[in-house]
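Note sheet for the following structure.
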Amino acid sequence: MLDGLKNKLRAAFGMKAKPPAKNEVPAEIVNNKFVQKAVIKKVRRSHLRKLGIAFAASAALSTGLQYAPDLVSTKLDTFMAEKNFAGDFSQNFHAQEIRVYDRFNPLYPFHLAGNATKITWHEGMKDGGIAAIPLTIATPFLYTGMLWQGFTDMLPGNKLDAFSISNDDPAAQRTVYIRPPGDFSLTRFMGDFSGVNGQKLEFQSDREILRDILFQFVMLHEARHGDQDKSAYGLANESDADLYAFKVMKARGTDEKLLNEAATIVAHARAINGAVGGDYGHASTFTFQRGEQRIFDAHQDAAAFDRLHALLTDIDARNHDAFPDNMPRGNRYLYLTLAMHKQGLLEEDPGLKKAADAFIRSLAYFDRASNGKIIDNSYDLSKIDLGYLTMKYKPVPDKLTPAKAPAAPRPNS
């Protein structure tokens, strides 16, 4: 702008305009809005072209890896053998092949994204050719989302987990991929499954032996998912996978006393995670007790823990002044449950009471294993306010015309 003004002054006094410096674009061109828009469009096209090339290269790599699974995964039996678990585990499952991802392999995210996309198309096209249109629209988002998940799976500090990915073809035609847990220890298992500090716990069995049993449990649980109908029965599938994992270990000759202790740990961890963490989808505690289940049982169990968690969350928000700031949520929820139990509120809902009693027993079990370091039996339950639960709900004042609000309509029975 200043150079333009100088040139105008030079022209006014009959002087020659100062030529633009070498490689310098005249200000008149730089400030031209049409030129600016053209430059922006060109830069944008360049970035989009590079992004398109990167996406195409990523998709090509993902596609190629589907034909070379050994680059990113290992067969289940080989994987378990490398962990010093001898035997043919795959013989206990119907799937044609079960493979375990190397979750820290840099190619893992690309295979995961490609495999998920392939399965989605495979299952979607069973509904007919018309499904190709919505699948085409959804594919870039599905692929990108799974690619991102694959990279985040590799980050340190992820929760202990494993998950299986398979389709709904007949089990004998499926290739199942399992993402194994990363860092695995008894302390990590307890922390991630229940929030209980596993370092404080002393069990009857050796901790390392229990660790091995629970590692097998996690892997066998996921392998079982590869055989199941994944289009329905989600809640029942989770409980079945828990139960079947222990059946496999028992059939393979694992010590029954050791298995019973490990199953007890899992059942109690599931109850705590259902009540405290809201993970009602894995509420297998009562399935362990029954030894079997109906589809309706699974939904009842899940609904009971879901209601308990929702209720405890609501009461906890109402009673934030009743607890020290550093008290763990699990302890707060226990005292809230005990207070409801003491006042007889749980008697009004048998399903809710069943879940609450399981939650209390589970924390009591781990408290005994910690030599009384988890639960403070001297906590004063009278600090907890439950009176509001039985009061009639008071909505905010109506803002209607006329001022006197009419009664709400009642639907016909």
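What follows is calculated from the coordinates using simple rules that are stated; it is not laboratory data. These numbers come from a predicted model, not from an experiment. Note: ideal-geometry Cβ built from the backbone for every residue, glycine included; neighbour counts use all protein chains shown.
Annotations for the structure displayed:
- Modelled spin labels at ARG252 and GLU97, positioned 7 Å past Cα toward Cβ, are 2.1 nm from each other.
- Across region 23-183, the mean sequence separation of Cα contacts (distance under 8 Å, 6 or more residues apart), normalised by length, yields a relative contact order of 24 percent.
- By the count of neighbouring beta-carbon atoms within 10 Å, fewest first, ASP212, ASP376 end up ordered ASP376, ASP212.
- Top of ALA223, ALA355, ALA81 by mean-square fluctuation, Gaussian network on the chain, Cα under 10 Å: ALA81
- FRET E, pair ALA56, ALA310, Förster distance 41 Å, beta-carbon r, rounded to 0.05: 0.35
- Translational D in µm²/s for region 132-180 (Stokes-Einstein at 37 °C, 0.692 mPa s, Kirkwood Rh from C-alpha pairs): 250 µm²/s
- Using a Förster distance of 41 Å, the FRET efficiency for ALA364-PHE151 (Cβ separation, nearest 0.05): 0.50
- Global size of the chain: 30.7, 106 Å for Rg and Dmax (C-alpha atoms, Rg to one decimal, Dmax whole).
- The H on the amide N of ILE98, modeled in the peptide plane, is under 5 Å from the matching H of LEU76, VAL176, each at least 5 residues off or on a different chain.
- Note on region 23-183: percent of Cα-Cα distances in each 10 Å bin, starting at 0 and stopping at the bin with the largest distance, equals 9, 29, 28, 14, 9, 6, 3, 1.
- Exposure proxy shown here: for TRP121, TRP148, the number of other Cβ atoms within 10 Å sets the order, fewest to most, as TRP148, TRP121.
- Distance (nanometres) between label positions extended 7 Å along Cα→Cβ at GLN204 and THR63: 5.8 nm
- Normalised Debye scattering of region 329-413 at q = 0.20, 0.23 Å⁻¹ gives log10 I(q)/I(0) of -0.98, -1.17, counting only Cα atoms as equal scatterers and leaving out solvent.
- Residue-by-residue Karplus 3J(HN,Hα) for region 363-375, coefficients 6.51, -1.76, 1.60, Hz, glycine and proline x: 5, 5, 4, 6, 5, 5, 5, 9, 6, x, 8, 9, 9
- Karplus-derived HN-Hα couplings along region 189-198 (A = 6.51, B = -1.76, C = 1.60, θ = phi - 60°), whole Hz, x at Gly and Pro: 4, 5, x, 7, 7, 9, x, 7, 6, x
- With Cα atoms defining each centre, region 220-273 and region 40-107 are spaced 27 Å apart in the structure.
- Fully extended contour minus Cα-Cα distance, from ASP161 to HIS341, at 0.36 nm per residue: 61.4 nm
- Amide H contacts for GLY195 (H built 1.01 Å from N in the peptide plane; partners 5 or more residues away or on another chain; cut-off under 5 Å): none found.
- Top of GLY128, GLY114, GLY291 by mean-square fluctuation, Gaussian network on the chain, Cα under 10 Å: GLY128
- Amide H contacts for SER73 (H built 1.01 Å from N in the peptide plane; partners 5 or more residues away or on another chain; cut-off under 5 Å): ASP102.
- THR136, THR401 arranged by Cβ crowding within 10 Å, fewest neighbours leading: THR401, THR136
- All Cα-Cα separations within region 186-389 were binned at 5 Å from zero, giving a P(r) of 1, 7, 15, 19, 19, 16, 11, 7, 4, 1, 0, each value a whole percent of the pairs.
- Whole-Hz couplings from phi, Karplus 6.51/-1.76/1.60, listed for region 66-83; x for Gly and Pro: 5, 9, 9, x, 5, 6, 10, 8, 10, 4, 3, 5, 5, 4, 5, 5, 5, 8
- Region 186-389, relative contact order [Cα under 8 Å, separation at least 6], %: 22 percent
- If you count Lys pairs in region 23-183 whose Cα atoms are under 25 Å apart, skipping same-chain pairs closer than 8 places in sequence, the total is 11.
- Label separation (LYS392 vs SER378): 4.4 nm, computed from points 7 Å beyond Cα along the C-beta direction.
- Comparing LEU312, LEU334, LEU51 in a Gaussian network model of the chain, where Cα atoms under 10 Å apart are tied by springs, the biggest mean-square fluctuation is seen for LEU51.
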